[in-house]
1. With the condition kept exactly as written, say whether any residue in the range 175-195 is more than 11 Å from the ligand (Cβ to nearest atom), part of a strand (DSSP E or B) and under 20 Å from the mean Cα position of the chain (by Cα).
2. Is it the case, given these coordinates, that residue 12 is closer than 21 Å to residue 281 by Cα and either assigned by TED's automatic domain parsing to the domain that holds residue 123 or in contact (Cβ under 8 Å) with a residue 40 or more places away in the chain (or both)?
3. Every residue in the range 141-161 that is surrounded by fewer than 21 Cβ atoms within 10 Å (Cβ to Cβ) and either in a loop (DSSP other than H, G, I, E, B) or within 16 Å of the ligand (Cβ to nearest atom) (or both), please.
4. Specify which of the listed residues (211, 202) is farther than 26 Å from residue 158 by Cβ and either out of contact with any helix residue (DSSP H, G or I) (no Cβ under 8 Å at 6 or more places or on another chain) or near the ligand (Cβ under 8 Å from one of its atoms) (or both).
5. Could you go through the range 97-112 and let me know if any residue there is within 16 Å of the ligand (Cβ to nearest atom) and either assigned by TED's automatic domain parsing to the domain that holds residue 260 or assigned to a helix (DSSP H, G or I) (or both).
6. Working only within the range 226-246, note down all residues that are near the ligand (Cβ under 6 Å from one of its atoms) and either at positive phi or in a loop (DSSP other than H, G, I, E, B) (or both).
7. Which residues, counting only those in the range 103-120, are over 21 Å from residue 273 (Cβ atoms) and buried (at least 18 other Cβ atoms within 10 Å of the Cβ)?
Ligand code: NAP
């Protein structure tokens, strides 16, 4: 009998299925939206505001509006011309903030270089800031106070919870520090007792940091920046990056053989963003209507 060689199959990471989790969250959101409508006679309402006609932004807003409709959330849309001034946008957002029939407000980013985006965001009432973009929302999140979180980091935390990832005492490395993604993701991990390191474009030796990480959150926008060989065996890898060709910020094929859990791109973090937006819209309606 000829000798046989036994090859031990490499242990592949479990995929974190954001599509399935988002569907589950959306189902719960729809049930809560229906309950709001039953008890008050009016459904939760999300106002979306789009300045100009950037094709990607048009698509994103259309997706959000479609998902609202499916969840039983009223979608009110304001399409403003590209030439809208900061003052006009601020006054539009203030009017929506004061309108009792609107429960959540989303200003689609980017708004154009001629507009003071921060001034526009700050015109959104904190109780309607379901996209978590105001300074007040960021402060509330940082201090662990009630408020709305930025939707993609909020989605990342829900994914981690759905897969029972214990964060206390773990080393988390967040690559990217944007106001909407990397920075709040790190704050949310810190609030859950992870030991958080932020990496960014000026970080020396990114690989050395990633190699130490129990949890890696990639939020950069550079295809396959995180090398598979740098992923610590058994780590949890969250890839929020979305680059042309459906490519994330992590070398997925390489990381798959080392990580314990990993988000695919697409189908990982992406679907969770809108799910959190709609969930927070219904929460905003419940609070404003005295149901929560
Ligand atoms: P961003 O505002 O451009 O920020 C990118 C961050 O990456 C910055 O903090 C930058 O550092 C850092 N960075 C750039 N090059 C780096 C390098 N070589 N090494 C380490 N860090 C580097 O981008 P963003 O809006 O946060 O988005 C990041 C990615 O997430 C994009 O692919 C975007 O498409 C995706 N995204 C996905 C969703 C979703 O729903 N799934 C939502 C939002 C964004 P500096 O601060 O030093 O410049």
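1. Looking through the range 175-195, none of the residues is more than 11 Å from the ligand (Cβ to nearest atom), part of a strand (DSSP E or B) and under 20 Å from the mean Cα position of the chain (by Cα).
2. Numbers: closer than 21 Å to residue 281 by Cα: no; either assigned by TED's automatic domain parsing to the domain that holds residue 123 or in contact (Cβ under 8 Å) with a residue 40 or more places away in the chain (or both): yes.
No.
3. Here is the first cut: in the range 141-161, the ones surrounded by fewer than 21 Cβ atoms within 10 Å (Cβ to Cβ) are 142-147, 158, 161.
Within the range 141-161, 143, 144, 145, 146, 147, 158 meet the criteria.
4. Working: 211 fails: either out of contact with any helix residue (DSSP H, G or I) (no Cβ under 8 Å at 6 or more places or on another chain) or near the ligand (Cβ under 8 Å from one of its atoms) (or both).
Criteria check complete, one pass: 202.
5. No, the range 97-112 has no match at all.
6. The first filter runs over the range 226-246 and keeps only residues near the ligand (Cβ under 6 Å from one of its atoms), leaving 240-243.
Listed by number, the residues that qualify are 240, 241, 242.
7. Hit for the range 103-120 is 115, nothing else.
The values are calculated or read from the model by the stated rules, or taken from the named source; none is laboratory data. From a predicted model like this one, the values you see are computed outputs, not experimental measurements. Quick reminder, even Gly has a Cβ in these numbers, built from the backbone with ideal geometry, and neighbours come from all protein chains shown.
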